[in-house]
């Protein structure tokens, strides 16, 4: 039986066919908007989801940081598990990029419950940051790959 390692996209080894396709791919500068593959992917995803546009993010960290920034304002609070990726492994990004305050919760193998979230929402009081965003990591890396089922989410 062949073992497939899904810990990270950086661990996987590309096949010869994938390497060949990468070498033959038409490329451009994504910052300038002229990478045809990225443009085609963004247009396809926007169409699938019925949106006017989509944004390709090459990493989970980039995606997490953008999501936290667009859903919050400086000095808001993000509720997450104490071992969540956004807190431990993104270089303090939520604090630096978005000026957010994390509220760290304990949980079962990295999972937090709706009751825990409800109990930790700050009162409407100028002395506390506004609880604005909840981050659920699915799958939870440090939790051994634990997952939430749809009902829990």
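Build a GNM of the chain with springs between Cα atoms under 10 Å: which of 47, 139, 63 gets the top mean-square fluctuation? The residue with the greatest mean-square fluctuation here is 47. For the chain, the 222 nm mean residue ellipticity estimated from helices alone, with every DSSP H stretch of n ≥ 4 adding -39500 (n - 2.57) and the total spread over all residues, rounds to -9000 deg cm²/dmol.
Sort 115, 137 so the one with the fewest other Cβ atoms within 10 Å of its own Cβ comes first.
Details: 115 8, 137 23.
Listing 115, 137 from fewest to most nearby Cβ atoms yields 115, 137.
For each of 27, 78, 147, 134, count neighbouring Cβ atoms within 10 Å of the residue's Cβ, then give the residues from fewest to most.
With the sparsest Cβ surroundings first, the list reads 27, 147, 134, 78.
Please give the FRET efficiency for residue 34 paired with residue 73, using the beta carbon to beta carbon distance and R0 = 35 Å, rounded to the nearest 0.05. Computed FRET efficiency for residue 34 and residue 73 comes out at 0.55. When the Cα atoms of region 99-147 are aligned to their principal axes, the ranges along those axes come out at 38, 25, 13 Å in descending order. Under a 10 Å cutoff between Cα atoms, tell me which one of 114, 21, 67 has the largest fluctuation in the Gaussian network model of the chain. Comparing 114, 21, 67 in a Gaussian network model of the chain, the most mobile one is 21. Spread over its residues, the convex hull of the C-alpha atoms of the chain is 179 Å³ per residue.
Sorted ascending by nearby beta carbons within 10 Å, beginning with the fewest, 112, 18, 4 become 4, 18, 112. Both radii come from the Cα set of region 63-130: Rg as radius of gyration, Rh as Kirkwood radius; their ratio Rg/Rh reads 0.96. With the biggest extent put first, the Cα atoms of region 10-56 measure 36, 22, 17 Å across the principal axes.
GNM on the chain, C-alpha springs below 10 Å: top fluctuator among 65, 75, 42? In the Gaussian network model the winner is 42.
Only the coordinates and a few stated rules stand behind these numbers; no lab work does. Remember, it's a predicted structure, so these values are computed and weren't measured experimentally. A quick note on method: Cβ atoms are made from the backbone with ideal geometry, for glycine too, and the neighbour counts reach across all protein chains shown.
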